[in-house]
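Let me begin by presenting the structure, written as structure tokens, before commenting on it.
What follows is calculated from the coordinates using simple rules that are stated; it is not laboratory data. A quick note: this is a predicted structure, and the numbers were derived from the prediction, not measured. Because the Cβ atoms are built from the backbone with ideal geometry, glycine has one as well, and the counts that use them run over all protein chains shown.
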Amino acid sequence: MRKSYKIFIATVPFIAAGFVLSALTYPKIMEDKDKSNELAQKDQQYQQLQAKLQQRVKAEQEKRTLETDIETLRGAVPKSPELDLAMIDLEKMCSESDLHLLGVEVPTQEQMHKISSSEQEIKELLGESTVGLGTKTLQRSNVRGNTADGDKANNGATDSGLKRLIKQVYVTGDYNGMVNLMRRLEGYQRTVGVEQISIAINTKGANETNESNEHSAAQERAQKMGLTKPVMAFLLTLYYLP
């Protein structure tokens, strides 16, 4: 028997075993390939779901932030004047500024005429009126001692339709405390306005070089109460929703 024939006879069993093994393992290989493709698809779907979930979480966070901003805005501009709460806050700010709150009163007609020349508008401002105020601001006039109050306030447009309540405020203390009070009002949570600021000391009985009979609200109150410390008077405007 030839050598090549012997080699062929010897390799036939191995070749047959290879075919049998291939026939047995091929379905398994195809099954594994299908599972691998399915796993890749599932992984892609998972990544897409993760992206959508992150977008939803981000949207919910933005919604909560927006709701918080809305609540803050509602707190800055309440639905009613809430004068009692505002006065409690004002008294607290005065105490923290080492000032004494002398009183909160209805402004005089003379003071209101510096804001408006219309009697009907003055009547409304002493109760409620519509003014334009787009953002939270604090209107401040120049502080001048022993002088008349500032010029007429600029009411602006009436687009936002906010209402306001005006009160005359008197405080006494040192000048640093008065500056601190203005800063606290500027950072106050509610939307407020300050105008017609005047600061004066009691000059009753002193030789006055100014012969004018015109006095600021602060000077009149200082002389009336006989105070030794400076007095500051200003109009406080509380804004609220209609």
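What the table below lists for this structure:
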item: Sorted by Cβ neighbour density within 10 Å, fewest at the top, the residues Ile15, Ile201; result: Ile15, Ile201
item: Extension gain (nm, one decimal) between Leu53 and Lys229, 0.36 nm per residue minus Cα-Cα; result: 56.9 nm
item: Listed residue pairs exceeding 28 Å between alpha carbons, taken from Lys92/Lys163; Lys92/Lys167; Lys52/Lys79; Lys167/Lys229; Lys114/Lys224; result: Lys52/Lys79
item: Taking Met232, Met93, Met178, Met30 and counting other C-beta atoms within 10 Å, the order from fewest to most; result: Met30, Met93, Met178, Met232
item: Net charge of neighbours whose Cβ lies under 13 Å from the Cβ of Thr65, counting Lys and Arg as +1 and Asp and Glu as -1; result: -2
item: Inter-label distance for Leu241 and Ala40, nm, one decimal - labels placed 7 Å from Cα along Cα-to-Cβ; result: 5.7 nm
item: Residues Glu71 and Glu110, FRET efficiency given R0 of 35 Å [Cβ-Cβ distance, rounded to 0.05]; result: 0.30
item: Ranked list, fewest to most other Cβ atoms within 10 Å of each Cβ, for Met182, Met87; result: Met87, Met182
item: Farthest positive-ward along the range 22-112 dipole, Cα basis, beta-carbon charges - from Val104, Ala51, Leu85; result: Ala51
item: Förster radius 25 Å - calculated FRET efficiency between Leu83 and Glu60 (Cβ-Cβ, nearest 0.05); result: 0.05
